[in-house]
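Structure record follows, encoded as structure tokens.
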Amino acid sequence: MRFITRAVVALLGSGVLAPLAGAFYLPGIAPHDYKIGESVELQVNSLTPSLNAENKLESVLSFGFYDERFHFCRPEGSPKAAHESLGSILFGDRIYGSVFDLHMLKDVSCQSLCQQTIPGKDAAFINDKIMKGYNYNWLIDGLPAATLKIDDRTEQQFYSVGFELGSNQLGQLVPHFNNHYDITVQYHTLDAVHHRVVGVIVTPMSKNTAMPKDPSGAVSCDSTEPMNLHEDKDNQVVFTYSVNWEESDKSWATRWDDYLHAVDPRIHWFSLINSMVIVVFLSAMLGLILMRTLHKDIARYNSDDTEDLQEDFGWKLVHGDVFRPPRHFELLSVILGNGYQLFWMVGTTLVIALLGFLSPSSRGSLTTAMLLLFIAYGFSAGFNSAHLYHSFGGISLKRIIIMTALFVPGSCWALLMLVNLCLAATHSSAAAPIGTLLGVMALWFAISIPLTVCGAYFGFRRKTIDPPVRVNQIPRQIPDQPWYLRPVPSALMGGILTFGAIFIELYFIMNSIWFHKVYYVFGFLFLVFVILVITTAEVTVLLTYFHLCAEDYRWHWRSVYTAGASAFYVFLYGILFYFSRLRLASYASLIIYFGWMAVACLLFFVLTGTIGFVASHLFVRRIYSAIKID
């Protein structure tokens, strides 16, 4: 699904569109042509946790490269901060300039950066991060520095983003701190003058290097003794690096291919086939009901045979109550309005990603797009919530505006503030700055809420949704329901079918988020989203029909939490993922992990609940408008 991006990038990279490149380019795909000897900036990002020696993730906290406890070499004065997108900042990127001095095609052998004194207290901090598998994250020309690895299944080489802070192999008594970096920069020659960076590989090493006694002497990197940080005394650490420029036949347009390594594409195809089997099964059941049972019911209900009319049973008997406004319809309208907002946000984001506008080199572009689209679709939230609220008989426009603008976004904001407080308390660099939080609030109150107000005004003025049949004044008594049609069992049955259509792709998404991998298979994700919509709609319609046949007309809320019950299984999957892949050692990491899971599950509940309600609403209106009512 990257062919569109690649085509545009190839045109830019080949020079065909070079005259236009300066005036217009897609975000993150404008090439930089370096001349021989031209300075190439190496930027540093936060250190992030990875799998430890036992293949477990022990922390979700990231720490800034210039955190004083690491004692890395830093430029004089304040390091120059890079311009970052809103999504990049919110997800913990803190990118700065560095003291590394790289020049195009100029190899460097054992260059000294600085000598630092690391006290025992900070040595304990660094050793702890080495044992938890923390990684360096550097950038050169927008490409992340990577480690060259080999896939065990396919024996194919690929680039794993980041490289180790130190080594802590099983059986190793003391962690080794990596203080020497062999940097291999791959370049593609455009012509005799211009060259482009197409790959960055860093091989870190642990060397107990000593500064020469003569200040003018060169540093030797020949030491084979590892650099161990002692926690009971001060440690003298010399940081060094080497640079090797390696010509490559990779073009600039395909330089991300080695980074975007799929674990096994067959797993994604298996996920799609699994989801499609569920869809076919549900479609067959729904078709059977619609083509045989329901068609037969409608024909019998519309029959002039008086004997048949006297034997009426099932869903026709509740025609006078099925369109009765549900309890707490204000809250229902708010959830549905925000569900429309989420649906359009997700759909638009996936389309933009499919078209290739969310380049992986534009860090945080996916998060930024989702956030801005959510704010822009505040109009949809206000319009649909006010329209449904008015159709249910609501009269207070101000009340529905306030609830729509604040309830779901405010709940997510409260959970995210809790997560951010935990990040700030642990001095993690992932804690969003106050200025960024104020900026998000400004977008919320200055753009999203006015759009919600505007949408609610037009939605409230729109013609209400009139029921196709008359609503009785006195509610009908609901008979006892079989156990499988009671609220909890029916919701759990409906939720597990919907969850079954997405759980394999959910693994890749969570793996990408928590292990800092690049997720790029938006083609598969778009198809899974389509299957999710179809599955949710079909499951909810089936269960709504069963409820109506059992003379239970309370389908409004049932359709929402039957479809939204899949969020419960997503949260259970998050717990399973925690016990199988994580081993978080601090309460802060636990709060952060389950806080993010709570936000994701809340939004997923609102999204799928809305899909279920809309499908059920269309179904119920269609069948009751097809029968004759005396």
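Please list, ordered by first then second residue, the pairs with beta carbon atoms under 7 Å, 6 or more apart or interchain, first in segment 133-147 and charged (D, E, K, R), second open to solvent by 20 Å² or more (accessible area, probe 1.4 Å).
Sorted first by the residue in segment 133-147, then by its partner, the pairs are Asp141/His32.
Restricting attention to segment 60-71, and to residues there that are within 31 Å of the chain's Cα centre (by Cα) and closer than 13 Å to Asp122 by Cβ, which single residue is surrounded by the most Cβ atoms within 10 Å (Cβ to Cβ)? Break it down into steps so the answer makes sense when it comes.
Going residue by residue through segment 60-71, those that are within 31 Å of the chain's Cα centre (by Cα) are 60-70.
Applying the additional criterion that residues be closer than 13 Å to Asp122 by Cβ yields 63, 67-70.
On the way: Phe63: 23, Asp67: 18, Glu68: 10, Arg69: 17, Phe70: 19.
Ranking the qualifying residues of segment 60-71, first place goes to Phe63.
I'd like to know if segment 478-500 contains one or more residues that are open to solvent by 60 Å² or more (accessible area, probe 1.4 Å) and of a type in the set (D, E, K, R).
Yes, the conditions are met somewhere in segment 478-500.
For the condition at pLDDT below 80, in contact with a helix residue (DSSP H, G or I) (Cβ under 7 Å, 6 or more places away or on another chain) and of a type in the set (Gly, Ala, Ser), what is the one hit in Ser275, Ser251? Can you show your working first?
Values: Ser251 fails: at pLDDT below 80.
Testing whether each residue is at pLDDT below 80, in contact with a helix residue (DSSP H, G or I) (Cβ under 7 Å, 6 or more places away or on another chain) and of a type in the set (Gly, Ala, Ser) leaves just Ser275.
From the list Leu590, Leu618, Leu607, which one is modelled with pLDDT of 95 or more and aliphatic (A, V, I, L, M)?
Numbers: Leu590 fails: modelled with pLDDT of 95 or more; Leu618 fails: modelled with pLDDT of 95 or more.
After ruling out the rest, the residue left standing is Leu607.
Could you please give the count of residues in segment 214-230 that are modelled with pLDDT under 90 and open to solvent by 50 Å² or more (accessible area, probe 1.4 Å)?
8
Name the residue, out of Leu584, Leu590, that is closer than 15 Å to Trp514 by Cα and either over 20 Å from the mean Cα position of the chain (by Cα) or not assigned by the TED database to the domain that holds Ala424 (or both). Talk me through it step by step, then tell me what you get.
Details: Leu590 fails: either over 20 Å from the mean Cα position of the chain (by Cα) or not assigned by the TED database to the domain that holds Ala424 (or both).
Selected residue: Leu584, the only one of Leu584, Leu590 that is closer than 15 Å to Trp514 by Cα and either over 20 Å from the mean Cα position of the chain (by Cα) or not assigned by the TED database to the domain that holds Ala424 (or both).
Can you confirm whether Thr349 is under 30 Å from Val197 (Cα atoms), open to solvent by less than 20 Å² (accessible area, probe 1.4 Å) and either part of a helix (DSSP H, G or I) or touching a strand residue (DSSP E or B) at 6+ places or on another chain (Cβ under 8 Å) (or both)? Show your work before the answer.
Values: under 30 Å from Val197 (Cα atoms): yes; open to solvent by less than 20 Å² (accessible area, probe 1.4 Å): yes; either part of a helix (DSSP H, G or I) or touching a strand residue (DSSP E or B) at 6+ places or on another chain (Cβ under 8 Å) (or both): yes.
Criteria met by Thr349.
Can you pull out every residue in segment 103-132 that is of a type in the set (Gly, Ala, Ser) and either under 30 Å from the mean Cα position of the chain (by Cα) or not in a helix (DSSP H, G or I) (or both)?
Keep residues of segment 103-132 that are of a type in the set (Gly, Ala, Ser), which gives 109, 112, 120, 123-124.
Within segment 103-132, Ser109, Ser112 meet the criteria.
Within segment 133-154, how many residues are part of a loop (DSSP other than H, G, I, E, B) and not acidic (Asp, Glu)? Can you show your working first?
Filtering segment 133-154 down to residues part of a loop (DSSP other than H, G, I, E, B) leaves 133-134, 137, 141-142, 145, 151-154.
Pick out the ones that are also not acidic (Asp, Glu) and you get 133-134, 137, 142, 145, 153-154.
Adding up the residues that qualify gives 7.
Somewhere in segment 532-541, is a residue among the acidic types (Asp, Glu), modelled with pLDDT of 85 or more, part of a loop (DSSP other than H, G, I, E, B) and open to solvent by less than 40 Å² (accessible area, probe 1.4 Å)?
We begin by selecting, within segment 532-541, every residue among the acidic types (Asp, Glu); these are 538.
Filter once more, so that each one left must be modelled with pLDDT of 85 or more: 538.
Now restrict to residues that are part of a loop (DSSP other than H, G, I, E, B): none.
No.
Which condition from (1) within 19 Å of the chain's Cα centre (by Cα); (2) at pLDDT 80 or above is the one that Val280 breaks?
(1)
Look at segment 78-99 and say how many of its residues are among the aromatic types (Phe, Trp, Tyr) and under 10 Å from Val44 (Cα atoms). Let's see the steps before the verdict.
Of the residues in segment 78-99, the ones among the aromatic types (Phe, Trp, Tyr) are 91, 96.
Restricting the remaining residues to those that are under 10 Å from Val44 (Cα atoms) gives 96.
Number of matching residues: 1.
How many residues does segment 106-115 contain that are touching a strand residue (DSSP E or B) at 6+ places or on another chain (Cβ under 6 Å) and either charged (D, E, K, R) or open to solvent by 50 Å² or more (accessible area, probe 1.4 Å) (or both)?
Residues that pass the stated criteria total 4.
Leu584 - would you say it is among the hydrophobic types (A, V, I, L, M, F, W, C), outside any helix (DSSP H, G or I) and touching a residue at least 40 places away in the same chain (Cβ under 8 Å)? If you could, list the steps in order and put the result at the bottom.
Numbers: among the hydrophobic types (A, V, I, L, M, F, W, C): yes; outside any helix (DSSP H, G or I): yes; touching a residue at least 40 places away in the same chain (Cβ under 8 Å): yes.
Yes; evaluated as a whole, the condition is true for this residue.
In segment 93-102, is there at least one residue being assigned by the TED database to the domain that holds His195, part of a loop (DSSP other than H, G, I, E, B) and β-branched (Val, Ile, Thr)?
Of all residues in segment 93-102, those assigned by the TED database to the domain that holds His195 come to 93-102.
Next, only the ones that are part of a loop (DSSP other than H, G, I, E, B) stay: 93-95, 97-101.
From the residues that got through so far, the ones that are β-branched (Val, Ile, Thr) too are 95, 99.
Scanning segment 93-102, I find at least one residue that is assigned by the TED database to the domain that holds His195, part of a loop (DSSP other than H, G, I, E, B) and β-branched (Val, Ile, Thr), so the answer is yes.
May I ask you to list the residues in segment 552-581 that are touching a Pro at 6+ places or on another chain (Cβ under 6 Å) and open to solvent by less than 40 Å² (accessible area, probe 1.4 Å)? Talk me through it step by step, then tell me what you get.
Taking segment 552-581 as the starting set, the residues that turn out to be touching a Pro at 6+ places or on another chain (Cβ under 6 Å) are 556-557.
Of everything in segment 552-581, just one residue is touching a Pro at 6+ places or on another chain (Cβ under 6 Å) and open to solvent by less than 40 Å² (accessible area, probe 1.4 Å), namely His556.
Since Trp596 meets every condition but one in (1) modelled with pLDDT under 90; (2) open to solvent by 20 Å² or more (accessible area, probe 1.4 Å), which condition does it not meet?
Condition (1) is where Trp596 drops out.
Every residue, every condition in (1) in a loop (DSSP other than H, G, I, E, B); (2) in the same structural domain as Tyr181 (by the TED database); (3) in contact (Cβ under 8 Å) with a residue 24 or more places away in the chain; (4) polar (S, T, N, Q), yes or no:
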residue	(1), (2), (3), (4)
Gly199	no, yes, yes, no
Pro204	no, yes, yes, no
Asn208	yes, yes, no, yes
Pro212	yes, yes, no, no
Ala218	yes, yes, yes, no
Asp232	yes, yes, yes, no
Trp245	no, yes, yes, no
Lys250	yes, yes, yes, no
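Kindly provide the set of residues from segment 140-174 that are in contact with an Asp or Glu (Cβ under 9 Å, 6 or more places away or on another chain) and open to solvent by less than 10 Å² (accessible area, probe 1.4 Å), ordered by number.
Within segment 140-174, Ile140, Ala146 meet the criteria.
What number goes with the only condition from (1) aliphatic (A, V, I, L, M); (2) in contact with a Lys or Arg (Cβ under 8 Å, 6 or more places away or on another chain); (3) assigned to a loop (DSSP other than H, G, I, E, B) that Val174 does not pass?
With (1) aliphatic (A, V, I, L, M); (2) in contact with a Lys or Arg (Cβ under 8 Å, 6 or more places away or on another chain); (3) assigned to a loop (DSSP other than H, G, I, E, B) applied to Val174, the lone miss is (2).
Restricting attention to segment 90-102, report how many residues are under 29 Å from the mean Cα position of the chain (by Cα) and either farther than 26 Å from Ser50 by Cβ or open to solvent by less than 40 Å² (accessible area, probe 1.4 Å) (or both).
In the first step, residues of segment 90-102 are kept if they are under 29 Å from the mean Cα position of the chain (by Cα); the result is 90-97.
From what is left, the residues that are either farther than 26 Å from Ser50 by Cβ or open to solvent by less than 40 Å² (accessible area, probe 1.4 Å) (or both) are 92-95, 97.
The number of residues fulfilling the criteria is 5.
Under 7 Å by Cβ, and 6 or more places apart or on different chains, what pairs join a residue from segment 73-98 that is under 22 Å from Leu366 (Cβ atoms) and in contact (Cβ under 8 Å) with a residue 24 or more places away in the chain with one that is among the β-branched types (Val, Ile, Thr) and not in a helix (DSSP H, G or I)?
From segment 73-98, the pairs are Ala82/Ile95; Glu84/Ile95.
The values are calculated or read from the model by the stated rules, or taken from the named source; none is laboratory data. Remember, it's a predicted structure, so these values are computed and weren't measured experimentally. FYI the Cβ positions are ideal-geometry reconstructions off the backbone, even for glycines, and counts take in every protein chain you see. What goes into the accessible areas is simple: the full protein's heavy atoms, side chains included, and nothing from ligands, DNA or RNA. Shrake-Rupley method; radii C 1.70, N 1.55, O 1.52, S 1.80 Å.
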